[in-house]
Structures are given as C-alpha cells and as structure tokens.
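See structure below.
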Amino acid sequence: MALAQTWSVALVGLEGHLVEVEADIAQGLPKTTLIGLPDTSLSEARDRVRAAVVNSGERFPDRKVTIGLSPATLPKTGSHYDVAIALSLLTAAGVVDRGALRQTAIIGELGLDGRIREVRGALAMTLAAARAGFHRIVVPDLNVGEARLVPGIEVYGARSLRQVLALLRGTEVPDEAPSRAEPRLVSESLTRVPAVDLDDVIGQREGRRAIEAAAAGGHHLFLHGPPGSGKTMLAERLAGLMPDLSTDDSLEVSAVHSLAGLLTNDAELVVRPPFIAPHHTASLASLVGGGSGVPRPGAISCAHRGILFIDEAPEMHPLTLDTLRQPLESGMVEVHRAAAVAKFPARFMLVLAANPCPCGLSGTNQGICSCTPQVLARYRQRISGPIKDRLDIQRQILPAARTITDGEPAESTATVADRVQLARDRQAHRYRDTAWTLNSEVPGPVLRREHPIDDASQKLLEDHYAAGRLTARGFDRVVRLAWTLTDLAGLTTPTTDQTHEAFQLRSGESLTPLADLRPLKGLPA
C-alpha cells in the first residue's frame, strides 16, 4: 500500500479552509474512488485527472486508487482541487518525491490535455494558505497576478501539469519554465485617478455638502430630484472624495473581487474604494450574492469598503431593495445553503437616487406632472420606511441656475478630499482603542456614553424626537452625522450648529444656519 498527501484550499464564502488531499494506491481491481463530500464537478475530477496524467507522459496506476479530501464534513465544490489530486496520486506512485510538496498548497483545474486552467478566488485561497503558515503555493499561470498580491508566501504559476512536475523535480521544461512571482506590497499598486472631478458640478451647494459629509463619515445617502438635476453626477464624484483603502481592507476587497471574477490577469490590489452601480432591474441573487453551486459575492459585497449606487431606486423591486436592511446594519451578508453558510463582507456606503415621481415633474417648474395621486403614493412607497430610516443624509437636488452669480470657483475633488481625509484622521484618533474607525460605524449607546453631545444639542434633538420628526434610530444617526460635521469643522465637540445642520441633512430641509431661524419654543436661540 502507498499513501501520500497534498494540500489545497476550500472556500466557504470568503473564508478559506485547508483541505488535505490524500491518495492511497492499494492492491485490487483498477478503480478510482473519490470520497470527502465532493460535489458533481469535483466528482468528475477522477476522469479529468486520469486523462491529464496520461497526456502529461505519466503512467496512471492500474490498481485500486482512493482519493480522500478531509475534513470530510466540509462541503467541497469546484474543480480547483484537480492539480492537488494529481500530485497526491503521483506522489503515492513514487513519481514525485514526498519532500518536494512540504509546506506547499496547490490549486488549479486540469484540462484533459494536462493544461492548468484559471480558477476563481485564487487571492482568497492564497491568503488562507499564507495565514495557515504555508511557505509556497502553486497556482494556474493566469492567476499569478492576483496570488502574488499576498505578502509572506512564494507563488509559482504553471500552465500545465508537466510544468509542475518539472518544478518539483528541478528539471528543465521543454517550452517555458513556471513563472515565479514575488509578493508585491500595496504601495506598488497604482492608485487610479478619478475620471470625473467635483469642479465639473455647477452650483449644488447643498448637494456638495451632502456628499462631503457622506464621504467623511461613511454615511448612507439619498438624493432625489427631477431628471437632469445632477443626482448621478454627484454620486459618481463621491468615490473620488474617499481616501485609499488600508492594506488590510485592500486585501479583503481584492479577495472579494477575485472570487467574483473581477480581477484581471495582471491584477493589482484594489486600492481605491470600489464604486458599484447595479441596474435597478438587478435580481436579488445578483445584489446580495448566491447562485447555484459555489455561492458568489453579489454587488453589495463587491462594493465592500466602497459605494453601492442604485439609480432609479423606486424602480427596483421593493423586496430586493429591502434585502439591504440587514447588511446595512451588520456589514455582513450570509448566503444560506443546505450544507453550509457562506459569509461575505458588505460594509458599504449606500447611495440611492430617485425622481420625484414616474414622470419626473412633480414639485418642479419644468412642466405639469401627469401622475395621479395614487400613482404618486405607490411610487414613493416603493422605498420602504425602514430603508429610508437607515439613510443618514436625504437631500433634494434641484436643477442649478444657468448663470452662477456668486463668482466663486467650484472646489475640486482634491480640495474636498483633503478635508475628508483630515476628518477621517480625527475619527481614527478618537476611536483608536476601539474596533471602529468612522462615526457611522459606532453604535448609538457607545456614542452616547463615551462621546456625548452637549446639553443644548441634546435638547434640540429631544424636541425633534418628541415632535415626531425623528425616530429612535434617526436620533442616533443625527448624532453620528453631527460628529462628522464637527470633524470637518476641526472642532472637538458638536455644538448646536453642527447638530442643527445634521438634522437638516437627514430631514431634507434646506440648509439654513440655526442663528437665521426663529427659535422654537424651549430651544436655544
């Protein structure tokens, strides 16, 4: 009896699990058995591996062969175990030296001719192998670009099983040697320059203030107004205001994009916050993730640490839009299957844009609205109250005047981004001993206990709450937004000015300084 083992990686969501691939060659009639909870594509590996081994010039054992993948309780899907199975088998047969595969993880699908095909999720698998202490990983040549982004592990790429065997034997390969990729640090990846700039936006003072506050604190945003008023234009410029991702976030976002098949062959780390804009006809599975077989990340996970922009939000199916409620609170989405639960990160900024009505003319001076009251009511109800309550900033965007009379030049993306960076630095310093980095992430009880607002601001919000203008969730969200405006102003504690502006940003009221308003009963002047 001959026994050998190799190692591969199984992905459940974005979490990688090491899989031990054992091969046993025993006396008996020629037969290959695969055990260890394989799915259909993995069960077919018996035929792929046999053909690939023979067509690579090696002899397939004509005895009883048992391939075991453990832990047996872990569901194993996909064809990326092929190369590990083939090498375990050839090691048991004495073709490969047993010490050659020590501390080496292996992923890759085999073609019948022995070629190694590209697989999805190579970056996440490489991360799992590196964290488990492996020194080396063998990947398909087309996956080298993304696998080498992981520091602390040597990455070898090969186009065929023949090349992998040559690598392990230390011999020459007839065509081309396996490419060896050095791990690349995040600083070596090029930062993409935004294709659009905020100084393209004419006027829209309140809209500009809204996206600046959203970028500074990571707040969800709702922009509504007639067609052509600039809602999409503002949303597209929001990503340019956000700073680069940290090294850890960059690796995590890149791993999600790898699993979704969004990374190119010459992959670099995703260092800019992603901007994902699914169409309003997107299905539930495409939005939150899923699919048959291996669950894939959806649009909300691809927007992790970035922006999820849904234009024409009322046109999206209400049930699909409502599925965002749980990820908006937890920053995580779970895709349930009978055998396992796949978890994907989904901490994104949600930006919704909507017209005032189906014809787009309600409340404007651009024409007469043709929508009946019933149609208008149904249209506005398509974005549910619980979703709206989770949107920190809600602004009406009206068309800008054709002539700007104030003569002040519009601020550029770079200028506003500098203020956003300073505000985020202040937040990171304030929450340096916690798990949070942005105001929008801090739970309400923690914020009230550790970072309370002053008595006058508290009284201001309590009166709005008593009048029914704020919900309990909305109360906390206004406090978080007030802290963001405080950070943008360079102050240490929110005053009634920041608290009042935060309430206006959330309620959709026109931004009017508190001093210019007639004091409400019981409120400070």
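Readers should treat all values here as calculations from the given coordinates under stated rules, not as data from a laboratory. None of the values given here were measured: they were computed from a predicted structure. Glycine gets a Cβ as well: all are built from the backbone with ideal geometry, and neighbour counts include every protein chain shown.
If you line up the long axis of helix 45-55 against the longest principal axis of the chain, both from Cα atoms, how many degrees apart are they, to the nearest 10? Helix 45-55 and the main axis of the chain meet at about 60 degrees.
Can you list, largest first and rounded to whole Å, the semi-axes you get for the chain by taking the square root of 5 times each eigenvalue of its Cα gyration tensor?
54, 23, 21
In a reduced charge model with +1 at each Lys and Arg Cβ and -1 at each Asp and Glu Cβ, the chain shows a dipole moment near 1100 debye about its Cα centre. Computed from point charges on the beta carbon alone (+1 for Lys and Arg, -1 for Asp and Glu), the dipole magnitude for the stretch 421-519 about its Cα centre is near 260 Debye.
Could you please state, rounded to a whole Å, how far the C-alpha centre of the stretch 357-392 is from the C-alpha centre of the stretch 2-77? Taking the Cα centre of the stretch 2-77 as reference, the centre of the stretch 357-392 is 57 Å away. Computed on the stretch 2-184, with alpha-carbon pairs under 8 angstrom and 6+ residues apart, the relative contact order is 22 percent.
Taking 13 Å as the cut-off, the amide N atoms of the stretch 72-95 that come nearer than this to a point 7 Å along the Cα-to-beta-carbon line of residue 37 belong to 72-77.
A protection proxy built from the mean count of other Cβ atoms within 10 Å ranks the segments 374-380, 284-290, 36-42, 352-358, most packed first, as 352-358, 284-290, 36-42, 374-380. Compared with the dominant principal axis of the Cα atoms in the chain, helix 472-489 is inclined by about 90°.
Hey, how many Å between the Cα centroid of the stretch 198-233 and the Cα centroid of the stretch 476-494? Cα centres, the stretch 198-233 to the stretch 476-494: 19 Å. Each label was represented as a point 7 Å from its Cα along the Cα-to-Cβ direction; for residue 62 and residue 388 these points are 7.7 nm apart. The antiparallel fraction among DSSP beta bridges confined to the chain stands at about 50%. Bridging of residue 459 to lysines at a Cα separation below 29 Å is possible for 388, 521, once same-chain residues fewer than 8 apart are set aside. Rounded to the nearest 20 debye, the dipole size of the stretch 2-184 about its Cα centre is 220 debye, using +1 on the Cβ of Lys and Arg and -1 on the Cβ of Asp and Glu.
P(r) for the stretch 83-175, from all Cα pairs and a bin width of 10 Å, is 17, 51, 30, 2 %, short bins first. Mean sequence separation of contacting Cα pairs (under 8 Å, at least six apart), scaled by the length of the chain, corresponds to a relative contact order of 13 percent. The simple spin-label model puts a point 7 Å past each Cα toward its Cβ; for residue 462 and residue 366 those points are separated by 4.4 nm.
Using packing as a proxy for protection, rank 234-245, 200-211, 465-476 so that the peptide with the highest average count of other Cβ atoms within 10 Å comes first. Let's see the in-between values first.
Working: 234-245: 21.7, 200-211: 19.4, 465-476: 14.2.
Sorting 234-245, 200-211, 465-476 by mean packing, highest first, produces 234-245, 200-211, 465-476.
May I ask you to derive the FRET efficiency for residue 449 and residue 102 from their Cβ-Cβ distance with R0 = 45 Å, giving the value to the nearest 0.05?
It comes out at approximately 0.30.
Of all lysines in the structure, the ones whose alpha carbon falls short of 17 Å from that of residue 64, not counting any fewer than 8 places away in one chain, are 31. Using the Cβ-Cβ distance between residue 283 and residue 118 with R0 = 35 Å, the FRET efficiency computed as 1/(1 + (r/R0)^6) comes to roughly 0.85. Across all directions, the shadow cast by the convex hull of the stretch 442-516 built on its C-alpha atoms averages 4.8 square nanometres. Beta bridges per DSSP, both residues in the stretch 18-143: antiparallel share near 50 percent.
When only alpha carbons are used to place a centre, the stretch 413-432 and the stretch 106-143 end up 38 Å from one another. Go ahead and estimate [θ] at 222 nm for the chain from helices alone: -39,500 (n - 2.57) per DSSP H run with n ≥ 4, summed, over the residue count, rounded to 500. So the calculated ellipticity at 222 nm is -10000 deg cm²/dmol.
For the stretch 430-473, which semi-axes, largest first and in whole Å, follow from the square roots of 5 times the eigenvalues of its Cα gyration tensor? Numbers along the way, then the final one.
Details: eigenvalues 115, 29, 10 Å².
Here the semi-axes work out to 24, 12, 7 Å.
With angles folded into 0 to 90 degrees, how steeply does helix 247-259 sit against the dominant principal axis of the chain? Use alpha carbons for both and round to 10. The angle comes out at about 70 degrees.
Gain in length, residue 433 to residue 325, computed as 0.36 nm per residue apart minus the alpha-carbon separation, to one decimal in nm? Working shown, then result.
Values: separation 108, 0.36 × 108 = 38.88 nm, distance 2.81 nm.
Stretched out fully, the residue 433 to residue 325 stretch lengthens by 36.1 nm.
Since only 384, 220, 100 are under comparison, the one whose Cα sits farthest along the positive direction of the charge dipole of the chain, derived from C-beta charges on Lys, Arg, Asp and Glu, is 384.
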